[in-house]
Amino acid sequence: MSIPNKIFTLVLITLILSGLFLFYKLPNNWEYALERRSFKVASMLIVSCCIAYSSLVFQTLTNNKILTPSIMGFEAVYLLFQTLIVFVYGDKTFQVIKNSDNFFISIGLMMLFAFLLFILIFKRGKSNMYFLLLIGLVLGTLFGTVSSFLQLVIDPNEFLIIEGQMFASFNKINTDLFWYALAFMILSFIIGFRQIKNLDVIALGKEAAVNLGLDYDKTVKLYLFIIAVLVAVSTALVGPMTFLGILVTNLTYELFKTYKHSILIPACCLVSCIAVLGGQFIVEQVFNFNTTISIIINFVGGIYFMFLLLKAKKI
Amino acid sequence: MSISRIPRTVALILAGVGMSICGLIMQQMTQNRFVAPTTAGTLDAAKMGILASILFASQSGNFTRILFAFGFTFLASIIFLKIADRIRYRNIIFVPLVGLMFGGILNSITTFFAYKNNVVQNVNAWMVGDFSGILQGNYELVYLSIPAVVITYLYANKFTVVGMGENFSKNLGLNYRTVLNIGLFCVALTVSVVVLTVGTIPFLGLVIPNIVSILYGDNLRKTLPITAVFGAIFLLICDIIGRLIIFPFEVPIGMTVGIVGGVIFLILLIKKQR
Amino acid sequence: MIKIENISKNYSEKIVLDKVSLEIPKGKITSIIGANGAGKSTLLSIISRLLKQNHGSIIIDKKNIEDYKNRILAQHLSILKQSNHLDLKLTVKELVSFGRFPYSQGRLTAEDHEKVDEAIAFLDLKSIENSFVDELSGGQKQRAFLAMVVAQDTEYILLDEPLNNLDMKHSVQIMRTLRKLCKEKGKTIIIVIHEINFAANYSDYIVAMKDGKIRHYDTTKNIINPKVLNDIFDINFEIIEKKEQLFCDYFSALKDIY
């Protein structure tokens, strides 16, 4: 199948799945239900695209196909914040911190974290990608440790509040937040779009990119910033989806054997949408909400990742 | 005194020695100074084992739980080594990064089943590194880590050779498979035993061997005892800090070590980069 | 012309380049030789701005490289280091097309396509131009990367040990292509090279480095003699001249132990 055909097929599948969500077993008062469902489907699409874009670009920046931005510690920051709020406010949490406050503060914190990381790494003009990752990893583990212990001390009933935050879920999306998230996403995509050819060059490696006259550090910083925004927004909107990125990027590479980001990025977004729509459908209809989408995706994505590692000769 | 103080101190020392030595073994066997139970999925595998024991043998005693944890940890370590082998020739940072993701996967699988059975907080409770619950009668199993440490001392140099690769080992007449399995056995045993008696103590296996290596070099014969001693002392100090900071309450050791260890490790990394 | 003025580079205590000054002549092939650790690759990286020096400056065509916009500099100077481990799905033609990036940022014009085809023909890659780079042999890969550099069409071409991992036939092929580039297109080529015999037979000038300093810099004829080579490499050489070609025999250097 040629590339345009493949993209067309993916678009088709996405539309079908979206349609399923919107119209399957629609109750009698369908206007209200349809509106709610539309928001849900739209947020799923937004989150899928944010994660797809950020993971793919991250893999290009790190010249590596098995890393994802979550490794940098973003989700750990988010979880720590959520844990802290419940730890401090207990069951008064929802009264003190409204959903929208939570949303913006979470994003703010994650951006702050990203900012600090980048300053640390790009100081003195030396950009060492792996060092960045290692620091992010250590900080992530650090925050995770603190979170775990705080969670332990929290009353089991209150723990349920955090448990809700720990796992991504599309069931409780605040419609106001949705519009902010959409705005963030569109802005990031527009800014990133203009430099899409630069990504192709970065994929050749730092030295080749510099040789070809690219402002390497500047471009990398810009994209890392965009990635930070997208990851922060999607995490704050629905929660951590750690392995979704790895799953969809590698599926995309398998399906589309090209180096062009102008194809890879849209393709990855579509694959991601299908994964999320499909996954959520399974959660609702097959498991009857007994699990959450992030758990399923981490499970499947995780196993796929192991499979990739064990079979790959080179990584 | 003999009911709680002595057992607690003994458990502290053994845990400190055990985890540091584990880190050292793993680093020798992968020839990578960033590998440790924290960054190789070992701790997460132990968590999986605990979940399995909760689900399938919930009434059993500690010994059975350790068996479960041991089994999972051993298997996970084998898988991790296979993976590490594939990617060792790239940047040195890859291996712990991948190890962390590996740990994350194990964690997700564990969480999947834990969530279904509503035991998430329960499982997490087992994982907390906390010495305050140590009483005579429920800590003795930690003594099982002693044979592991002894074996390590005897096999120290062999682990290093194994770390250089299968061909290298064969060339020197070493039975690669056997030594590898013995090393993994020691690691799995120690980690399971410590995790079950005390809980997770992150970063210990990572930070101590690295500090020792910076100060004393890499001669295994020399650094092994030093690593053990440093490990015990570090843990004792963290324990004291944990008990004093919010007196009369106690900060769980896992948290103290996690923070202190994490910060030290960060400083090490940044210094190295300069 | 490339002027290297007082370049120093050190990593904490270790001095890798010590006040190196040099002027590279235009339109010729200049080889940089020296033992391991002499500082050759570091110097090349600094000239091409892949690495930053601690002191000193690089002047290209009367302008400091730091004053050049990156994109413009890339139209004047190109560097080829060791072939990357690319696992990208790129055909040879697509790789070579990247060479035009400094000019058209990825949107290829008719002129770009011409240059790409020219480069492919120059390196004799026409028959494999649609094969994926990761499926090529070592020699073919190296030629593909070299073609990318040729398509970049810069006045100055820097190469860091381009013959590593190549067999004899391909090594000769590459060196002959470099000579062709110099003669037919007037390019200035600086090449760091290990194989002394290739340096001896394909360069116009040779820079001999030792311990981070330039020990000798002269025309090839004046460098390829036993005294200079012994100083640089610490082993004995015998130079054999045959039909205008110079052969450096260092294989028998240890004869005296028998």
Would you list A:TRP30, B:TRP126 from fewest to most Cβ contacts within 10 Å?
A:TRP30, B:TRP126
In nm, spacing of pseudo-spin labels at C:GLU114 and C:ILE235 (7 Å Cα→C-beta vector)
4.9 nm
Using the beta-carbon distance between C:ASP204 and A:LYS218 and R0 = 35 Å, what value does 1/(1 + (r/R0)^6) give for FRET efficiency, to the nearest 0.05?
0.40
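Defining a contact as two alpha carbons under 8 Å apart and six or more residues distant in sequence, what relative contact order in percent does chain C show?
Numbers: 472 pairs, mean separation 63.4, N = 258.
Relative contact order for chain C comes out at 25 percent.
Can you give me the relative contact order of chain B as a percent, contacts being Cα pairs under 8 Å and 6 or more apart?
Working: 403 pairs, mean separation 89.1, N = 274.
This gives 33 percent for chain B.
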What does the helix-only formula give at 222 nm for the protein assembly as shown: each DSSP H stretch with n ≥ 4 adding -39500 (n - 2.57), the total divided by the residues, and the result rounded to the nearest 500 deg cm²/dmol?
-21000 deg cm²/dmol
Taking a label point 7 Å from the Cα of C:ILE15 along the Cα→Cβ vector, which residues of the range C:30-50 have an amide N closer than 14 Å to it?
C:39
Listed with the fewest Cβ neighbours within 10 Å leading, C:TYR250, C:TYR11, B:TYR216 appear as C:TYR11, B:TYR216, C:TYR250
With a point put 7 Å past each Cα toward its Cβ, work out how far C:GLN245 is from B:THR9 in nm, to one decimal.
8.2 nm
Given 13 as the ceiling on other Cβ atoms within 10 Å, longest exposed-site-free region of chain A for trypsin sites (Lys or Arg not before Pro) in DSSP loops
A:26-97
Which one, B:SER192, B:SER20, B:SER53, has the greatest fluctuation when you compute a Gaussian network model over chain B with C-alpha springs under 10 angstrom?
B:SER53
Compactness check, chain B: C-alpha Rg relative to the 2.2 N^0.38 Å globular estimate gives 0.96
Apply 1/(1 + (r/R0)^6) to the Cβ-Cβ distance of B:TYR153 and B:ASN175, taking R0 = 22 Å, and write down the FRET efficiency to the nearest 0.05.
0.70
Under 5 Å, built H, 5+ apart or other chain: amide partners of C:VAL16:
C:LYS9, C:ASN10, C:TYR11
Under the Karplus relation 6.51 cos²θ - 1.76 cosθ + 1.60, θ = phi - 60°, what is the ordered set of whole-Hz ³J(HN,Hα) values for the range B:92-103, x standing for Gly and Pro?
4, 7, 4, 4, x, 4, 5, x, 5, 5, 4, x
Between A:ILE3 and A:ILE191, the FRET efficiency computed from the C-beta separation at R0 = 25 Å comes out, to the nearest 0.05, as 0.45
Given H placed on each backbone N at 1.01 Å, which residues far from C:SER31 in sequence or on other chains put an amide H within less than 5 Å of it?
C:ILE191, C:ASP204, C:TYR205, C:ILE206, C:VAL207
Whole-number percent relative contact order across chain A, with pairs defined as alpha carbons under 8 Å at least 6 apart
32 percent
What does the charge count around C:LEU80 come to, taking other residues whose C-beta lies under 13 Å from its C-beta (Lys +1, Arg +1, Asp -1, Glu -1)?
+1
Each residue of the range A:240-257 in turn: what ³J(HN,Hα) in whole Hz from Karplus with 6.51, -1.76, 1.60 and θ = phi - 60°, glycine and Pro shown as x?
x, 10, 2, 9, 4, x, 4, 4, 6, 5, 5, 4, 4, 4, 5, 6, 10, 8
Would you calculate the separation in nanometres between label points at B:SER60 and A:LEU182, each defined as 7 Å from the Cα along the Cα-to-beta-carbon direction?
5.4 nm
Segment A:LEU84-A:PHE39, extension gain: residue separation times 0.36 nm, minus the distance between their alpha carbons
13.3 nm
Roughly how far apart, in whole Å, are the Cα centres of the range A:40-103 and the range C:1-54?
47 Å
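Net charge around A:ASP215, counting only other residues with Cβ within less than 11 Å of its Cβ (Lys, Arg = +1; Asp, Glu = -1)?
After counting each charged neighbour, the total is +3.
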Once you average over the residues of B:101-113, how many Cβ atoms of partner chains fall within 10 Å of each Cβ?
6
Extension gain from C:ASP124 to C:ARG107, taking 0.36 nm per residue of separation minus the Cα-Cα distance:
3.6 nm
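Can you give the local net charge around C:GLY106? Use residues other than it whose beta-carbon is closer than 13 angstrom to its beta-carbon, Lys and Arg +1, Asp and Glu -1.
Values: positive: A:ARG194, A:LYS197, A:LYS260, C:ARG71, C:ARG100, C:ARG107; negative: A:ASP200, C:GLU94, C:ASP112.
Neighbour charge sum, excluding C:GLY106 itself: +3.
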Compare C:LYS180, C:LYS28, C:LYS213 in a GNM of chain C, Cα atoms joined below 10 Å, and give the one with the largest fluctuation.
C:LYS180
Rounded Å value of the spacing that divides the Cα centres of the range C:80-144 and the range B:236-274:
53 Å
Scan around C:LEU80 for amide H atoms under 5 Å from its own, H built in the peptide plane at 1.01 Å from N, and keep only partners 5 or more places away or cross-chain.
C:LEU158, C:LEU159, C:ASP160
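Bear in mind these aren't lab numbers, they're just calculated from the coordinates by the rules spelled out. Quantities reported herein were computed from a predicted structural model and do not represent experimental measurements. Every residue, glycine as well, gets a Cβ built from its backbone with ideal geometry; the counts of neighbours run over all protein chains shown.
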